[in-house]
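Contents: one structure, followed by commentary.
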Amino acid sequence: MKQKLFLFLLTAMTALSAGAQEKQLVISAGETKHLHIADNLRIVLVQSEADDISVRFDNSLADKISVKVSGEEVFLEAKPYLSSKPLIYVHVNGLSTLTAGENVDIETIGTLESKKIELFIHANSRAHLRTKGRILAYPTGDHSIVVKDVTPKVF
């Protein structure tokens, strides 16, 4: 009985995740080097190949998210009337500058291969980045930020 319930739950979870993937909207972001994130967004950065630079989010958010691409810069902004922070996946390669507004959560899946990322972040935002290079963090405005380096120690 437990095995049947487990298989049913596993099948249901697989069907739900497959359905969510089908509704995903993909916008080509070109050779993004600079990412600007406005207030109240959840961003997941994913290392990608040079030919797969994109911004991805659920189709239901298409009229709630503004994406502007200008040369090597991408600007992401949520409409002000949203009650929750939308989740946006950004596939990058060689990201060098990341600017985060107020109440932004940023994390990575895997490790970014950037040599150096300059992070300009509001004090009420959070960034958890993994990279093979360096991260230089700066506060925006008159705020202060706390930077924690969690690089594993090699003995």
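The values are calculated or read from the model by the stated rules, or taken from the named source; none is laboratory data. Quick caveat, the model's predicted, so the values are computed rather than measured. Every residue, glycine as well, gets a Cβ built from its backbone with ideal geometry; the counts of neighbours run over all protein chains shown.
Annotations
- Positions within segment 97-154 being free of Cβ contacts under 8 Å to residues at least 24 places away in the same chain and closer than 13 Å to L45 by Cβ, in sequence order: S114, I117, L119, H128, R130, T131, I135
- Residues (polar (S, T, N, Q) and in a strand (DSSP E or B)) located in segment 49-100: S54, S66, S70, T97, T99
- Scan segment 121-137 for residues that are more than 18 Å from A38 (Cα to Cα) and either surrounded by fewer than 17 Cβ atoms within 10 Å (Cβ to Cβ) or touching a helix residue (DSSP H, G or I) at 6+ places or on another chain (Cβ under 9 Å) (or both) and the total you get is 5.
- Number of residues in segment 74-86 that are in contact with a strand residue (DSSP E or B) (Cβ under 7 Å, 6 or more places away or on another chain), among the hydrophobic types (A, V, I, L, M, F, W, C), in contact (Cβ under 8 Å) with a residue 40 or more places away in the chain and more than 21 Å from T131 (Cβ to Cβ) equals 1.
- For segment 101-123, the count of residues that are at pLDDT 90 or above, of a type in the set (S, T, N, Q) and in a strand (DSSP E or B) is at least one.
- S66 vs. criteria under 14 Å from H36 (Cα atoms) and of a type in the set (G, A, S): yes
- Within segment 78-96, being buried (at least 17 other Cβ atoms within 10 Å of the Cβ) and within 15 Å of A38 (Cβ to Cβ) holds for A78, P86, I88, V90.
- Test: S70 is over 16 Å from the mean Cα position of the chain (by Cα) and surrounded by fewer than 17 Cβ atoms within 10 Å (Cβ to Cβ): yes
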